[in-house]
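Okay, structure first, notes after.
FYI, it's all coordinate maths here, none of it is from the lab. In this text, all values refer to a predicted model and were calculated from it rather than measured experimentally. No Cβ is skipped: glycine too gets one built from the backbone with ideal geometry, and neighbour counts run over all protein chains shown.
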Amino acid sequence: MKKNLLFTLLLISSFNALVAQTNVLDYRRSSLHMVLIESETFPKKELVMKSWNNYPFPDKYNNHTVASNTFNPAKYTVTDEEREAAGIKKPSEAGKLLKGAVSEATGGIVGSNDPDMPVKIQKFIDETKLANQLVAKWYNRTKEGKMDTKYVAEKSKQSASAEAKEAAGSVADEGEYFYDEELIGGTFVVFSKLHFVENEPVARVIRDALITQASSISVEMVRNKAIEKANQAYERGKEGYSIWTKVYLYQLVWNDEVAESFRTTFFKAGDSSFGASEWDKTNLFKLKFVGEENTSSLVTFSIKEKRTEEKIIDIGTVRNIDNIFAKLQKKYVVFRPVTPISSVGPITAMIGLKEGLEPGDKFEILKSTTDPKTGKKSYVAFASAKVDKDFPIFDNLYIPSGENKTDEAGNAITGPGFTTFSGGDKKVEAGRHFLRLLK
């Protein structure tokens with residue numbers, strides 16, 4: 001046993017040195033679990049929920065879905081003590097009245113965010129042992145408590161380059177070397193709340209409020225102009241619906257300390273059910289709050305529109321969710337995915353409008369390095385590039401299955417299946433280097 005272990009360690013050490021010398025690239029994707037925050041009844045809820053359930057999983061992340069994927073916040077109450085511990089300020093009576101007025105004036109859209117939601121989410125995480133579920137999936141844990149490294153090895157092999165697999169040789173087939181535990185730390189959970197609101201009632205309330213305000217203007221010409229603008233705004237804003245999405249982003253805490261404690265408590269070589277009786281009791285695994293974001297999008301029903309109402313709502317819902325992911329990636333560096341460079345001269349990559357790209361957006365070009373002492377891998381930026389303004393951005397926005405992209409006249413829209421970038425470096429290679437958004 002000791003001889004085999006020594007051989008494996010020597011092989012790993014030699015391979016790490018090879019990686020350091022050849023600068024072999026590893027494509028390391030983050031993993032994602034999505035939780036739907038259940039909402040009260042709203043217009044077209046059945047269609048919106050259908051779109052959510054059919055939502056194409058974000059293709060820049062590994063699908064790490066576990067059992068607990070819906071969350072009803074109404075089941076959880078929050079005390080003043082819990083609010084204080086979480087740093088949530090108790091609103092004053094005047095603040096409550098103001099919030100209520102704003103919410104009423106906008107049909108409940110503004111002012112409807114629940115400040116207690118992070119506390120309720122944490123209660124859900126604790127109650128369902130969500131972090132334990134995520135780790136259990138990484139290690140193929142069974143009901144009996146047996147675990148193995150096959151899933152981690154599988155994802156590690158997917159992340160490793162062809163050169164890395166070839167260098168590891170037969171060890172790769174046994175899953176002994178391809179065990180990149182750091183991938184576990186890139187596990188995220190997104191809690192999403194969707195709301196679908198009719199625009200007309202909202203636009204009407206806002207218009208009436210503006211007219212009431214304008215009525216106090218003493219100069220008749222100015223007063224009439226203000227009323228006219230209020231009516232014009234109403235006409236523009238009354239059509240269709242608005243989809244609102246609020247999300248909360250969490251990350252699994254996985255560091256050297258947690259990993260070592262896991263190995264000594266729950267995963268012991270030769271005894272795959274080691275520590276099984278302690279699993280449900282442990283608080284070793286945790287999720288940390290990264291941040292939150294929200295977005296809205298307009299869904300209109302044009303007379304010229306040939307799609308059914310269901311398809312229009314489907315497109316609006318999916319693109320709204322895609323938009324919220326793009327905003328999360330721009331705001332939180334840790335959540336930003338990396339995209340393989342498809343070709344060079346010029347640089348191209350399969351990333352586009354769905355990811356929120358705009359002309360001139362800056363990206364860093366990454367290469368992979370491995371620390372020869374610790375064996376840990378990391379990305380290092382060695383050049384930069386930006387979205388080329390002289391070329392069209394890849395239109396990868398969602399459309400229903402079986403449809404083609406068309407313009408307002410119904411003509412097919414054709415374009416490149418990639419985005420072109422300017423800049424870079426002569427050393428940039430397709431298939432070996434990556435792009436990551438640079439804020």
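Full extension of the chain between Ile211 and Glu38 yields a length gain of 58.6 nm, computed as 0.36 nm times the residue separation minus the alpha carbon distance.
Jot down the per residue volume, in cubic angstrom and as a whole number, of the convex hull over the alpha-carbon atoms of segment 338-439. Write down the numbers at each step before the final one.
On the way: hull volume 13.0 nm³, N = 102.
Given the Cα convex hull of segment 338-439, per-residue volume reads 127 Å³.
For the residue pairs Lys89/Lys362; Lys89/Lys238; Lys155/Lys331, the C-alpha atoms sit more than 29 angstrom apart in Lys89/Lys362; Lys89/Lys238. Inter-label distance, Arg236 to Glu144: 6.7 nm, where each label sits 7 Å from its Cα along the C-beta direction. Between Lys50 and Asn72, residue separation times 0.36 nm minus the direct Cα-Cα distance comes to 6.1 nm. Judged by the mean number of other Cβ atoms found within 10 Å, the most tightly packed of the peptides 376-382, 353-359 leads the ranking 353-359, 376-382.
Multiplying the residue separation of Asp114 and Thr414 by 0.36 nm and subtracting their alpha-carbon distance yields 103.7 nm.
Applying 1/(1 + (r/R0)^6) with r as the Cβ-Cβ distance of Ser218 and Leu298 and R0 = 41 angstrom yields a FRET efficiency of 0.70. Spacing of the modelled spin labels on Val253 and Arg307, each 7 Å from Cα toward Cβ, amounts to 4.3 nm. Excluding same-chain neighbours fewer than eight residues apart, the lysines reachable from Lys286 by a Cα-Cα span under 19 Å are Lys120, Lys123, Lys129, Lys137.
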